[in-house]
1. Where the accessible area of region 15-144 is counted over protein heavy atoms with a 1.4 Å probe, how much of it, in %, is carbon and sulfur?
2. Mind grabbing the accessible area of Y594 for me, 1.4 Å probe, Å², rounded to tens?
3. Expressed as a whole number of Å, what is the distance separating the alpha-carbon centroids of region 57-81 and region 187-253?
4. Going by the alpha-carbon gyration tensor, a ≥ b ≥ c the square roots of its eigenvalues, is region 544-592 rounded (a/c under 1.5) or, if a/c is not under 1.5, prolate (a/b greater than b/c) versus oblate?
5. Taking all protein chains as present, what is the carbon and sulfur share of the accessible area of region 172-267, in % to the nearest whole number, probe 1.4 Å?
6. Let me check I've understood the local charge: for F418, count other residues with C-beta under 13 angstrom from its C-beta, Lys and Arg +1, Asp and Glu -1. What total comes out?
7. In debye, nearest 20, what is the charge dipole magnitude of region 466-585 about its Cα centre with +1 on Lys and Arg Cβ and -1 on Asp and Glu Cβ, if you could check?
8. Applying a 10 Å radius around every beta-carbon, put 49-61, 381-393, 80-92, 445-457 in order of their mean neighbour count, most first.
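The values are calculated or read from the model by the stated rules, or taken from the named source; none is laboratory data. Fair warning: this is a prediction, and the values are worked out from it, not measured in the lab. Don't worry about glycine lacking a Cβ; one is built from the backbone with ideal geometry, like all the others, and counts go over all protein chains shown. Just the protein is used for accessible areas: all its heavy atoms, side chains included, with ligands, DNA and RNA removed. Shrake-Rupley method; radii C 1.70, N 1.55, O 1.52, S 1.80 Å.
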Amino acid sequence: GDVMGSLGFALATFPYIGRALAQDLKVLGFSLVDNTVLVGPLRNVFAMYARLEQVLVSLNLRLQPRDCLLYVPAWAHLKEAPQVLEEICAQYPRLPVQYRAQGFPLLGLPIGTHAFSTQYLKGVAAKIIKTLDPIGTVPDGRIYAQIMLQCVNLRPLYYIRNLPPAISLPFARQCDNAIIDAFARYLSFPDDWRTLPAYVRAAHQLRLGMRQGGAGLTPGEMSVHSGFFASTASTLICISTTTLREYVDRTSLGVTNPCPDKGHSILRGFTVARNEVAACGAFKEEDNNALVPPKLPDGSRPLVLPRAATLFPEQRPSEDELRVNPPWAPAQRNMTKLVRTHDPAYATGRAYDGGSEYDKARVCHVAQSVTKAGPPDLGDPLGPLLGKDGTELAQAPLSWLKVVAGSRKFDAFPRGPFVAFLSMYLGVPIPAQPHLKPECKCKVFFDDAGHHRMSCPKHFKSGAIRGHDALVQSLIDMGLSIGVTTSGSRHDVPSHRTVGKRADICFDVDVGQQGKQIIGDVSVRHPVQGVSQGASTVGTWLPTALSQRASAKLTKHRQAYKSMDLCFVPMVVSTFGVLHDDFLRLLWVIAGQYTVDEDETTAQVNPSEVRDRAAHDDPRHHFFYKMRARAALGAARAASMRLVGIPGTVHYIRPPRRLYDPSDPMFRTFTALNGLPLGAFPLGGEA
């Protein structure tokens, strides 16, 4: 429904509900929009229920009988409700009540016995699994991966954070297995992939965070203990620092009893979660060395986990105490990171353990890298614009999965090419392409990893496109989208071998003495030996491939362009989507040239399109993320074009179906994909 409508409903009804609840402080009431929960002695709860029913009638509202549920924990072991319930219900004949002996769902969460909660989560898991096959029919690989990453994979986390590990752990494992199986089917993994080491390593890499070189498809099982500890710690802090503590018995809750087999199930789960996180390297508050924990190898200090009694002290802290020394608990993301780092089940090494040296080099190559915006050599072409800028420019090849598509023409990634690229990225055999002959024009059979297709001149110069032109077009569109005059280079330079040969892109940015325009020359480099006299060297990793290509271009063309008052910058990117440092710096320069409209909003790019955790006041960071994602995606598409052998010299994507009726004035400004939210799909139009 309408968000503002829900807000208006809450603002209109909550004052009346609050006044009714104030008439009996033995009953606690919690309301979220049109959901209200009453907790307290049974007779008091029914009396309050009657008052609220009268309030609702006065507001011209009515109760929904099917949602008026009653659960009494003390009666959970009884086969039938006691006689007292019938007597109370007889006193309030107008009140609809449905008794639930084992519990009921509240806001999607099961409230009740262990058996009820477990059975309820099985139903939730079945619903999640049921959606996987329909989602698997999405023809665009990028959209499919984004739905799986940002929608399906996040859905179990709601239950994981709010239910004890004993209940949520089996649920998380069931969902994790179903999600990774669905992704494997989409990528054309064989049915028995779990018995094949290469595919097992690939599945684990998909589960790694993007900073570790994965796709960010984080397993829910990894977040079970850190999520529940963080959620429960926040709840205890809220209770202990507000008037809610007057209605909660610390002893019956189990705050003072650290034994995990006694007390309330929530506190038992809290203790179990705390112990598991501590086993991964965190310190408990009561440890002798917790006050000054030793530093870890990376220079940071391990997390310290507070006790329940510290979060919920016996006496409510004063306002001054809360200001000086507020209750604290480590953030969930920090604890999850600790679990990922120390638990062998989630180690990065599992993505290449048992594989070749190539597998290890590949995973290390696609892990997040960071460089300074300011070049190490002030004589660098971009030195005058960057100087000693200390901004850290980070990149992870698959970060474009967290960015809303900016162009329906250049950001589409059909399933076939997407599967081919991700197979190369994950180090598994590339599915057979029926339209490709098994043998190259140089009389060498194509390898399953795709290295020969990436490197052989006879292959990519005669029919199978490298995707270079498509990447250039995408980068030109990228520059124009933030208001920088960008076009193909119009300058003939003698340093190019062929007559009339030009560089690829011209950015209208003044670099002072270095040149009045920036000229970029794009190169998509495969950092693996693909063509060799000896077959044994094919598949050898080339760690300096990008820097060598950039240095060669700079040495060859820099002075020739400088003599024409132009600034030349090589734009080198690997086929895995890793940009050379100079390419990143160029994007940082272009991002700083963004223009704004009169109403101080950007012309075409919306910073909110970027799903990035860090918040920046300077929109330049968001534009940089957007352009970095566009460049990495363009390189991925270029690599896929080599792999699947798309013919032609320029790759034009088939125009998509119309998103909205262009004759409708309400939607004229939203005909481009960058005006739509993530997950928008065509509503009709041409086939």
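1. After summing per-atom areas, the C and S share lands at 58 percent.
2. Per-residue accessible area (Y594): approximately 70 Å².
3. For region 187-253 versus region 57-81, the Cα centre distance is 33 Å.
4. Since a/c reaches 1.5 but b/c is at least a/b, the shape of region 544-592 is classed as oblate.
5. On region 172-267, the fraction of accessible area on carbon and sulfur atoms equals 53 percent.
6. Within the 13 Å Cβ shell, the charges total +1.
7. Around 400 debye, computed over region 466-585.
8. On the way: 49-61: 14.2, 381-393: 16.6, 80-92: 12.2, 445-457: 18.9.
Those peptides, ordered most packed to least, come out 445-457, 381-393, 49-61, 80-92.
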